[in-house]
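Undergrad: Here it is, the structure in full.
Values quoted throughout were computed directly from the atomic coordinates according to the rules given, and no laboratory measurement underlies them. Model, not experiment: these values are computed from the prediction. No Cβ is skipped: glycine too gets one built from the backbone with ideal geometry, and neighbour counts run over all protein chains shown.
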Amino acid sequence: MSSSLLPASVDLRSHQRSGKYLVFQLNREEYAIQVLKVREIVGLQDITVVPRAPSCIRGVINLRGKVIPVVDLRRQFGMPEIAFTPRTCIVVVQVQGEAGAMLLGVIVDEVAEVVDIPEADIVDAPDFGRGATTPYVLGMAKSKGKVKILLDIDRLLNIHELQRAARSAE
């Protein structure tokens, strides 16, 4: 959609960020990723550790014959680790990198719901000052009296490290 078709008061970036999101919890906070990126949600399963992989990469899983790297978002965000619960799951997403699309699993504490977030409810992430960069945050959504952090899953992780981990496990 061209920006000339939108009213002058509409922020084009917000308009592109609006839509359906899968909401999940990490450390009692709500995060969301665009539903179009989600391929499936699976329960925890055996994860094969990949030697010398970055600490946020738990390893890889075999999902119907495909080797998929699995990232622990708690580790990625520097959150304290907790024991997995029956609600802990792996959200399989399709990420886009320089080498093309690939599947990736992300471990989350709990999946909550799918919500439709209109552009009016999305604001830019606040400036956290020098040294605090958050290029993977699409914005903040005000929904149901809470703030949800909208993640750009393509920018959250280093795609080269993930592809290396997947290749070394094959």
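Undergrad: With just the Cα atoms defining each centre, how far is region 111-128 from region 14-68? Give it in Å.
TA: Here the two parts' Cα centres lie 18 Å apart.
Undergrad: Still on this structure: Which length gain, in nm to one decimal place, applies between residue 49 and residue 62 when the Cα-Cα distance is subtracted from 0.36 nm times their residue separation?
TA: Working: separation 13, 0.36 × 13 = 4.68 nm, distance 1.21 nm.
Contour length minus the Cα-Cα distance gives 3.5 nm.
Undergrad: Sorting check: for 16-22, 73-79, which peptide has the highest mean count of neighbouring beta carbons within 10 Å, and how do the rest follow?
TA: Result, highest mean first: 16-22, 73-79.
Undergrad: Taking amide H positions as placed in the peptide plane 1.01 Å from N, state which residues far from residue 20 in sequence (5 or more) or on other chains have amide H under 5 Å from it.
TA: 35, 117
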